[in-house]
Amino acid sequence: MAKERSRKALVELLQRPGNAACADCAAPGISTTLGSESLLELELVIQDPDWASHSLGIFICLNCSGIHRNIPQVSKVKSVRLDDWDDAQVEFMASNGNNVAKAKYESKMPPFYYKPTYLDCQLLREQWIRAKYERKEFIHSEKQEPYSAGYREGFLWKRGRDNGQFLSRKFVLSEREGALKYFNKNDAKEPKAIMKIEHLNATFQPAKIGNPHGLQITYLKDNSTRNIFVYHEDGKEIVDWFNAIRAARFHYLQVAFPGASDADLVPKLSRNYLKEGYMEKTGPKQTEGFKKRWFTMDDRRLMYFKDPLDAFARGEVFIGSKENSYKVLEGLPPSTQGNHWQHGITIVTPDRKFLFACETEDDQLEWITTFQKWKPISNINLSWDWLGRPEE
């Protein structure tokens, strides 16, 4: 009976504000229906979180519980339903909870620091949890220096554009100079590339790069979008680089848009791609054969590459809203020939039509949904200022 009483008390605690979602990644919570005093008549629709750290006083999801188990000196994990709980542990959970822990462990989190969700990669979630509870970076501001000092230098493994090999390269990020630079040789006086903070983006791409710490950095070179792919063996190091880039962009945008609030600026610090994958495309005359290309939907720009790890896009299409005479149609014109994949998409712009074909109906639906999400462009222009190559 004591075990049932503890379990029921914990389930009731999940109804408190903040406890119904994972404290670390905001994974959706447990839905409960309290129909009786008897636990046997307690109806549960189990989702997440179904776990808790009884040393931190927080409710967490299954994925985050695995990360917590890797820091046992800080966090002790139990299942809400399956493990035994003593009265002292239940009382500790009752006196704390997710909101109390957030007020403590995130009290000095800088606005530019990336707070991952359950949709983000394992590395970001792991380093977020370690930063909060193990290193206590958001309690002690001095521990934030690696990404908040305005200057950072070090070595990253960078993928060669031509041979695909990863080689160690020196990188320097300077807010004062407004740029991220890298050097091909340790003693080189001139950088191989200068990436202006104004046009810089970084997003983790572990699957595409083939490394759990893989980071894709995008910038402008000769008015074209340029990609570089890097990683570091140490997870903390590469996440610190990522947040240092976000910090530099945050401070740049604060100067560029002095009237904007933090809430306006933070979504512009870095962005994940809305969708990526293969489609077939034809050329502007629509008489050429369809070619398989890797597509990336980046904000309003649909870019395509011959290979997912290409340095430059072969071309790009701006996706506007229907109010600006842009339309996305299911299917291809009846006269279309040369496509191997049968699930077509037609994008109508003020200038021309773009024809694409997807391998599966699910892919087609996902791409159409992504294209159709755009609303009219706001008069307040904090949008990304990109230029692209002409269509091939």
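The values are calculated or read from the model by the stated rules, or taken from the named source; none is laboratory data. Everything quoted here is computed from the prediction, not taken from an experiment. Heads up, the Cβs are rebuilt from the backbone with ideal geometry, glycines too, and the neighbour counts pull from every protein chain shown. Ligands, DNA and RNA are stripped out before the accessible areas are found, and what is left, the full protein with its side chains, is counted by its heavy atoms. Shrake-Rupley method; radii C 1.70, N 1.55, O 1.52, S 1.80 Å.
Things worth noting here:
- Cβ-Cβ FRET estimate between Gln73 and Asp187, R0 fixed at 30 Å, reported to 0.05: 0.10
- Accessible area per residue for segment 201-296, computed on protein heavy atoms with a 1.4 Å probe, is 39 Å².
- Evaluated with a Cβ-only charge set (Lys, Arg +1; Asp, Glu -1), the chain carries a dipole of roughly 1180 debye about its Cα centre, given to the nearest 20.
- Restraint check, Lys306/Lys353; Lys115/Lys236; Lys78/Lys132; Lys3/Lys102; Lys196/Lys353, Cα-Cα greater than 24 Å: Lys3/Lys102; Lys196/Lys353
- Helix runs (DSSP H) in the chain reaching 18 Å along axis by Cα, Kyte-Doolittle at least -1.0: 235-256
- Segment Leu62..Glu12, full-extension length gain: 16.1 nm, with 0.36 nm per residue of separation and the alpha-carbon distance subtracted.
- Comparing Glu280, Glu145, Glu366 in a Gaussian network model of the chain where C-alpha atoms under 10 Å apart are linked, the largest mean-square fluctuation is found at Glu366.
- Expressed as a whole percent, the accessible area of segment 144-268 that falls on carbon and sulfur atoms is 47 (1.4 Å probe).
- A 1.4 Å probe, protein heavy atoms only, puts the accessible area of His340 near 130 Å².
- With every protein chain in place, segment 275-385: carbon and sulfur % of accessible area (1.4 Å): 47 percent
- Stretching the chain fully between Glu153 and Gln372 yields a gain of 74.7 nm (0.36 nm per residue, less the alpha carbon separation).
- Rolling a 1.4 Å probe over the protein heavy atoms gives segment 304-366 an accessible area of 55 Å² per residue.
- Virtual paramagnetic centre 7 Å along Cα→Cβ of Ala256, amide N under 19 Å, in segment 130-152: 150-151
- Calculated FRET efficiency for the pair Lys108/Arg5, C-beta based, R₀ 35 Å, to 0.05: 0.35
- Electrostatic bookkeeping for Gly344 treats Lys and Arg as +1 and Asp and Glu as -1; over the other residues with beta carbon under 12 Å from its beta carbon, the sum is -3.
- Estimated FRET transfer efficiency when R0 is 41 angstrom, pair Leu119-Arg161 (beta carbons, to 0.05): 0.85
- Taking the convex hull of Cα positions in segment 275-385, its mean projected area over all directions (nm²): 7.2 nm²
- Translational diffusion of the chain was estimated from the Stokes-Einstein equation, with Rh taken as the Kirkwood radius over Cα pairs; at 37 °C and 0.692 mPa s the coefficient is 138 µm²/s.
- Protein-only accessible surface order, largest first, of Cys121, Cys358 at 1.4 Å: Cys121, Cys358
- Residue with peak Gaussian network fluctuation, the chain [Cα springs, cutoff 10 Å], from Ala149, Ala207, Ala263: Ala263
- Distance in nm between pseudo-label sites at Phe318 and Gln337 (7 Å out along the Cβ direction from Cα): 3.4 nm
- Between the residues Thr203, Phe257, Ser168, the greatest Cα displacement towards the positive end of the dipole of segment 144-268, with unit charges on the Cβ of Lys, Arg, Asp and Glu, is found for Ser168.
- Segment Lys327-Leu365, length gained on full extension (0.36 nm per residue, minus Cα span): 12.2 nm
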